[in-house]
Amino acid sequence: MNIKIGCTGWSYQGWSGTFYPKNLKSKDWLRYYSQIFEITEINSTFYKIPSQEIVRRWNADTPRHFRFTAKFPSVITHEKRLERVNSEIFSFLSSLVPIHEKVSALVLQLPPSLSFDEAKPRLEELFDILPDDFLYPIEGRHESWFSDDAVSYLKQNKHCLVWNDVVGINNPMPVTANFLYVRLIGDRTIPDSEFGKVKKDKKDLIKNWANKLKNIQDIPFAMIMTNNHYEGFSPATANSLRIQLGMRELIWEEKRQKTLGNF
């Protein structure tokens, strides 16, 4: 299975001096990130549809092989709850044109109050207008998304149900498509001001995730995104998972300097 592991975003002040070199300007963070990682999830699109100027900069700052995923804007998923969103869908997709060739997936993160039965007819309308250019993993958080009816429907339509590690969500992690999308999110107990260092040791949970992924058969592709709230420092979480999966450990400048300083 081809596994791509990245972080849910790259623009975190707490990473300055821990992931990014201390003197690196924030405008250069994505360029640096894309030299270490090969994929990221754009979290900021959930809050606001980006301007094409910003997206063109993302394209210029990343190599040709780099890949993005992005969350659908909350106006589509949370405010309008997938109803009458054609205009917003068009605006969102148009904004991503500069990185079109680098986008692997667009994530439909749904609110916990949106049940499968309520969302189903709206999803059918939505997928009638969405282009086939991207993958569209669905992160349903209402418990009904994990019912037999929902899982059967998702499998029948080859819609990927996101696997996640989120407080309060009991996700049985069924395979519903020919790819996997995994989000290691955690809870909100680690404040943003403390991002940049591991605050919670979740090595055992990460090992469990690795073992589960190793046992998946006949799925060719998986995207795994780690969040700062999971342990406190998502690049470190990503590295821990990579090591458990037998992948190469990623080394960034600040990590190299710290290692050399211990000799």
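The values are calculated or read from the model by the stated rules, or taken from the named source; none is laboratory data. Only a predicted model underlies this, so the values are computations on that prediction, with no experimental measurement involved. Neighbour counts are summed over all protein chains in view; Cβ atoms, including those assigned to glycine, are modelled from backbone coordinates with ideal geometry.
If you go through the stretch 221-250 and keep only what is outside any helix (DSSP H, G or I) and either under 13 Å from the mean Cα position of the chain (by Cα) or modelled with pLDDT under 95 (or both), you end up with 222, 223, 224, 225, 226, 227.
Restricting attention to the stretch 33-53, does a residue exist that is of a type in the set (Asp, Glu), within 19 Å of the chain's Cα centre (by Cα), surrounded by fewer than 19 Cβ atoms within 10 Å (Cβ to Cβ) and over 13 Å from residue 106 (Cα atoms)?
So far as the stretch 33-53 goes, yes, one or more of its residues are of a type in the set (Asp, Glu), within 19 Å of the chain's Cα centre (by Cα), surrounded by fewer than 19 Cβ atoms within 10 Å (Cβ to Cβ) and over 13 Å from residue 106 (Cα atoms).
Here residue 83 does not qualify as closer than 27 Å to residue 125 by Cα and part of a strand (DSSP E or B).
Mind checking whether some residue in the stretch 17-24 is more than 19 Å from the chain's Cα centre (by Cα), closer than 26 Å to residue 236 by Cα and buried (at least 18 other Cβ atoms within 10 Å of the Cβ)? Yes, the conditions are met somewhere in the stretch 17-24.
Somewhere in the stretch 244-262, is a residue in contact with a helix residue (DSSP H, G or I) (Cβ under 9 Å, 6 or more places away or on another chain) and basic (Lys, Arg)? Within the stretch 244-262, one or more residues are in contact with a helix residue (DSSP H, G or I) (Cβ under 9 Å, 6 or more places away or on another chain) and basic (Lys, Arg).
Kindly indicate the residue of the stretch 62-85 that is of a type in the set (D, E, K, R) and crowded, with 17+ Cβ neighbours inside 10 Å and also farthest from residue 100 (Cα to Cα) among those meeting that condition.
Here the residue is 71.
Taking the criterion of being surrounded by 21 or more Cβ atoms within 10 Å (Cβ to Cβ) and within 21 Å of the chain's Cα centre (by Cα), the only residue of the stretch 110-121 that qualifies is 110. Tell me whether the stretch 57-69 contains one or more residues that are in a helix (DSSP H, G or I), among the β-branched types (Val, Ile, Thr) and at pLDDT 95 or above. The answer is no; no qualifying residue exists. Restricting attention to the stretch 1-45, the residues being over 30 Å from residue 216 (Cα atoms) and in a helix (DSSP H, G or I) number 12. When the stretch 125-159 is filtered for residues that are assigned to a helix (DSSP H, G or I) and under 28 Å from residue 101 (Cβ atoms), the ones remaining, listed by number, are 125, 126, 127, 128, 129, 154. Which of the following residues is without any contact (Cβ under 8 Å) to a residue 24 or more places away in the chain, within 21 Å of residue 89 (Cβ to Cβ) and not acidic (Asp, Glu): 154, 110, 114? Only one candidate qualifies: 154. Restrict the check to the stretch 87-100 and report whether at least one residue is surrounded by 22 or more Cβ atoms within 10 Å (Cβ to Cβ), on the phi < 0 side of the Ramachandran plot, at pLDDT 95 or above and part of a loop (DSSP other than H, G, I, E, B). There is at least one residue in the stretch 87-100 that is surrounded by 22 or more Cβ atoms within 10 Å (Cβ to Cβ), on the phi < 0 side of the Ramachandran plot, at pLDDT 95 or above and part of a loop (DSSP other than H, G, I, E, B). Close Cβ contacts (under 9 Å, 6 or more residues apart or on different chains) running from residues in the stretch 162-191 that are under 17 Å from residue 40 (Cα atoms) and modelled with pLDDT of 95 or more to residues that are among the acidic types (Asp, Glu) and not in a strand (DSSP E or B) comprise 184/231. Selection over the stretch 122-157 of residues that are loosely packed, with under 15 Cβ neighbours inside 10 Å and touching a His at 6+ places or on another chain (Cβ under 9 Å) gives a count of 2.
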